[in-house]
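See structure below.
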Amino acid sequence: MSDPAAVPGGGRLFVVATPIGNLGDVTLRALDTLREVPLIAAEDTRISRRLLERNQIETRMVSFHARNAERRLPELLGHLRGGADLAVVTDAGTPGVSDPGEELVQAWAGEGGVVVPIPGASAVLAAIVGSGIAGPRWTFEGFLPRSGRERRERLARIAADVRGCVIYEAPGRVAATLRDLAAACGPDRPAAICRELTKLHEEIVRGSLARLAAQGSAGELTLRGEFALVVGERQGGAVALAQSGSEAVEGAAAGLLEASRADVERLVASGVARGEAARRVAATSGIPRRQLYGAPSAAD
């Protein structure tokens, strides 16, 4: 291979991006690397085997994922210390980007070992270019916290940032996240739902956050597969930047609280007990039930 020579006494760690859906998206360099290394650390060997078998690659694999990382890491580092190369792959995309692999890279780089990135298909970049709304400067948030203060703060920061943003989300939480984003970022901010990128049922749905949130709540969106949500850049960015960051965050948080309280009132109007309505909305918004039930001092 034409990659940099290994540190004397140590092997090279190749961080290999694999297709995010369409197996035809694998790069020639990735295939050469997977064919020539003596060992591959794979998130799920059953999934990675499909790619290897399709390309007649017989390299030995071992599993390396979140549940066995603590036990497997010393073994993989020992392999590298012994002078042998190693490739790490995940089920789809790039190791270390919302997927296992970062701890292995950190550990080997920390010892002075050579780390070689092998780039390839990226759901983040596919969502950015496919949506057409992110603008020239954007951020990547990965998966948001499911609930609580950290979720509220992350939503507020997204709302305060004039740049576009990419978020990963699980199918069952897309509708709730769209509602939270609409409340935090404002109903008119552009957005896109990117589903099953590069796969047979690839779909990109664009619209305002309010419209997409309404479609999600009404069951009008197909909520199956892998999702990347894109929040578009905020219009009037120069004016928005004149507002202090703390004021923007406070305003977004207040908007989320107001919208969530409105959700409670809608549930109550439909016949749901107020306490139960507050519990349901709290579960999706991350706002404490006490704040949703009524005054902060009110009993649940």
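Just so you know, all these numbers are worked out from the coordinates, no wet-lab data involved. Keep in mind the model is a prediction, meaning the values are calculated, not measured. In this analysis, Cβ positions are derived from the backbone assuming ideal geometry, glycine residues included, and neighbour counts consider all displayed protein chains.
Under the Karplus relation 6.51 cos²θ - 1.76 cosθ + 1.60, θ = phi - 60°, what is the ordered set of whole-Hz ³J(HN,Hα) values for segment 147-163, x standing for Gly and Pro?
For segment 147-163, the Karplus curve yields 6, x, 4, 5, 5, 4, 5, 5, 4, 5, 5, 4, 5, 6, 8, 6, 7 Hz.
Normalized C-alpha radius of gyration of the chain, against 2.2 N^0.38 Å?
Expressed relative to 2.2 N^0.38 Å, the Cα Rg reads 1.18.
Working from the alpha-carbon coordinates of segment 12-121, get Rg over Rh, Rh being the Kirkwood radius.
We get a ratio of 0.92 for segment 12-121.
What ³J(HN,Hα) values, in whole Hz, does the Karplus curve 6.51 cos²θ - 1.76 cosθ + 1.60 give for segment 71-84 when θ = phi - 60°, with x put for Gly and Pro?
Those phi angles translate into 7, 7, 4, x, 5, 5, 5, x, 4, 5, 4, x, x, 9 Hz.
If one takes the longest principal axis of the Cα atoms in the chain, at what angle in degrees, from 0 to 90 and to the nearest 10, does the Cα axis of helix 245-269 lie?
In the chain, helix 245-269 runs at an angle near 60 degrees to the longest axis.
Using r as the Cβ-Cβ distance of Thr222 and Arg81, and R0 as 45 Å, what FRET efficiency do you calculate, to the nearest 0.05?
0.40
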